1. Quick one: which strands (runs of 3 or more DSSP E) lie wholly within the range 82-201 and hold at least 3 residues that are hydrophobic (A, V, I, L, M, F, W, C)?
2. Considering VAL286, VAL315, VAL334, which residue is farther than 25 Å from GLY412 by Cβ and either of a type in the set (Val, Ile, Thr) or modelled with pLDDT under 95 (or both)?
3. Considering GLY412, GLY378, which residue is in contact (Cβ under 8 Å) with a residue 12 or more places away in the chain, under 15 Å from the mean Cα position of the chain (by Cα), farther than 15 Å from PRO67 by Cβ and not in a helix (DSSP H, G or I)?
4. With respect to LYS264, determine if the residue is among the basic types (Lys, Arg), under 30 Å from ALA325 (Cβ atoms), surrounded by fewer than 22 Cβ atoms within 10 Å (Cβ to Cβ) and out of contact with any Lys or Arg (no Cβ under 8 Å at 6 or more places or on another chain).
5. Given the options ALA23, ALA33, name the one that is farther than 25 Å from PRO311 by Cβ, touching a residue at least 40 places away in the same chain (Cβ under 8 Å) and among the small types (Gly, Ala, Ser).
6. Before we move on, is GLY341 crowded, with 18+ Cβ neighbours inside 10 Å and out of contact with any Gly (no Cβ under 7 Å at 6 or more places or on another chain)?
7. Among the candidates GLY50, GLY56, GLY12, which residue alone is assigned to a loop (DSSP other than H, G, I, E, B) and farther than 20 Å from ALA318 by Cβ?
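The values are calculated or read from the model by the stated rules, or taken from the named source; none is laboratory data. No experiment lies behind these values; they were computed from the predicted model shown. Cβ atoms come from the backbone with ideal geometry, glycine included; neighbour counts cover every protein chain shown.
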Amino acid sequence: MKVAIVGGGLAGIAAAHTLLGDADVSEVHLLEAAGGYGGRARTDSKSIPGFAFDMGAQYIQDPTTNPLTEIAKDLRFETVEEDASYELRVDEDGTWKNVATTDPEVLAVVNGIQLSYNAARAQPNVVVAAKPRFDTQVEMFGHATSPYGPFTESAETWQYLAADRAREVAGDGAENLFVKRGVGTLVAAYGQLLPTLYKDRYKARFDTRVSAIAHAGNGITLTLGTSGTLAVDACIVTVPVAVLGSGAIKFEPALPAAYTNALKALRLGSYKKLALKLRTDPAGIVPGTNYYLIEAEPEGVWQCYRLPHAPDVLVGHAAGDFAAALDAMADKDVFDLFKAGIQSAFDGVYFTTGKAITNWSANPNALGAYSYTAFIGGGPQDPGPLKARSDLGVPLGKLHFAGEATNLQCYGTLQAAYFEGVRAANAVLA
């Protein structure tokens, strides 16, 4: 059996390992539009020498159940437990102070969001809450740090379905693991095992964009841009749902309504990350503590921190509508905005020239960060959007779709991509 995999992220890599473990698979062709493995898990180790800047996934979540934990051990990647605390940095009458997540005002906001979530979760097509007005800094902080806020889904609370979130399985409670050389480096190393282990049956083609997939009849034919075609017995497509929804790949015949409707409901939120090399050791920014700063224009919340194993770098995150606004700005303007906010809130913060930044929304191979299921009309009892993940994961003859977006229980994570790649590969082998 000859199989094509479209996409070289973790879902595609896991699918390839699974397929090649079966002797009945004679050839696996992995086709990736970018220049290497990783997908949305990529590490930039060049912009700031000595620092592994994870542009996408940045740690191993739920390490006791996450396959990447064992993969990291097998490949001898050193990991470090995350032991983080969270504080809001606020300016009150000209004096800066920290507000903890346990502050009563913050808890009141979080509890309010929880009540909205509880009321909405039983209905398949209702968002967690209406878009709130951020009247105070504490309200923004409570929203951002709630279990349903933007830093958990890369989409603001009012954009995704409560019922989708309700079926997500709770984590294992263990501390997340940072990978010192970068999660993206780990994923790439796992991909680079494939030609070593299966050199006679495996072929990867990078910088290769699939423009069309013909899936009528018993076989599948892929059009590889200007590089000709590839005929296979089965195909697993692992590219992000935003790329599929954009029409970048033409399917012949067109996908049935269940799949096109799923792609309308499944969106990729915005997530912005940047890193700056510190010239000083600011006492007010304690390594291991996550600080939240309110930005007035564009309105949003910065999350920033120094990693205990890399305290000479300051990392900043933004999500949801705020990140989308930042993505529309020039990189220099984003850096200047972030630095101005940091230097206003903390004393003695100065930077060198080392810096790194992401813009997943503008990346043609991603068009966004992590998936969420959006309200698309049809009334609160319309089951269509809630079925989007499972509908997209149903095999269409010999054509299969897989990725974090098709997972029901831990979507938006690297382990979801791994699990879905394995699921699709096993469906091909069945």
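1. Numbers: elements: 85-92, 95-100, 177-179.
Counting at least 3 such residues, we get 95-100, 177-179.
2. On the way: VAL315 fails: farther than 25 Å from GLY412 by Cβ; VAL334 fails: farther than 25 Å from GLY412 by Cβ.
Sole residue among the options that is farther than 25 Å from GLY412 by Cβ and either of a type in the set (Val, Ile, Thr) or modelled with pLDDT under 95 (or both): VAL286.
3. On the way: GLY378 fails: under 15 Å from the mean Cα position of the chain (by Cα).
The match here is GLY412.
4. Working: among the basic types (Lys, Arg): yes; under 30 Å from ALA325 (Cβ atoms): yes; surrounded by fewer than 22 Cβ atoms within 10 Å (Cβ to Cβ): yes; out of contact with any Lys or Arg (no Cβ under 8 Å at 6 or more places or on another chain): yes.
In short, yes.
5. Numbers: ALA23 fails: touching a residue at least 40 places away in the same chain (Cβ under 8 Å).
So the residue among ALA23, ALA33 that is farther than 25 Å from PRO311 by Cβ, touching a residue at least 40 places away in the same chain (Cβ under 8 Å) and among the small types (Gly, Ala, Ser) is ALA33.
6. Details: crowded, with 18+ Cβ neighbours inside 10 Å: yes; out of contact with any Gly (no Cβ under 7 Å at 6 or more places or on another chain): yes.
So GLY341 fits the description; yes.
7. On the way: GLY56 fails: farther than 20 Å from ALA318 by Cβ; GLY12 fails: assigned to a loop (DSSP other than H, G, I, E, B).
So the residue among GLY50, GLY56, GLY12 that is assigned to a loop (DSSP other than H, G, I, E, B) and farther than 20 Å from ALA318 by Cβ is GLY50.
So that you can scan it fast, the table gives a plain yes or no per residue for (1) surrounded by 22 or more Cβ atoms within 10 Å (Cβ to Cβ); (2) closer than 30 Å to PRO380 by Cβ; (3) out of contact with any strand residue (DSSP E or B) (no Cβ under 6 Å at 6 or more places or on another chain):
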| site | (1), (2), (3) |
| --- | --- |
| TRP158 | no, yes, no |
| ARG167 | no, yes, yes |
| LEU186 | yes, no, no |
| GLN192 | no, no, yes |
| LEU197 | no, no, yes |
| LEU222 | yes, no, no |
| ALA234 | yes, no, no |
| VAL241 | yes, yes, no |
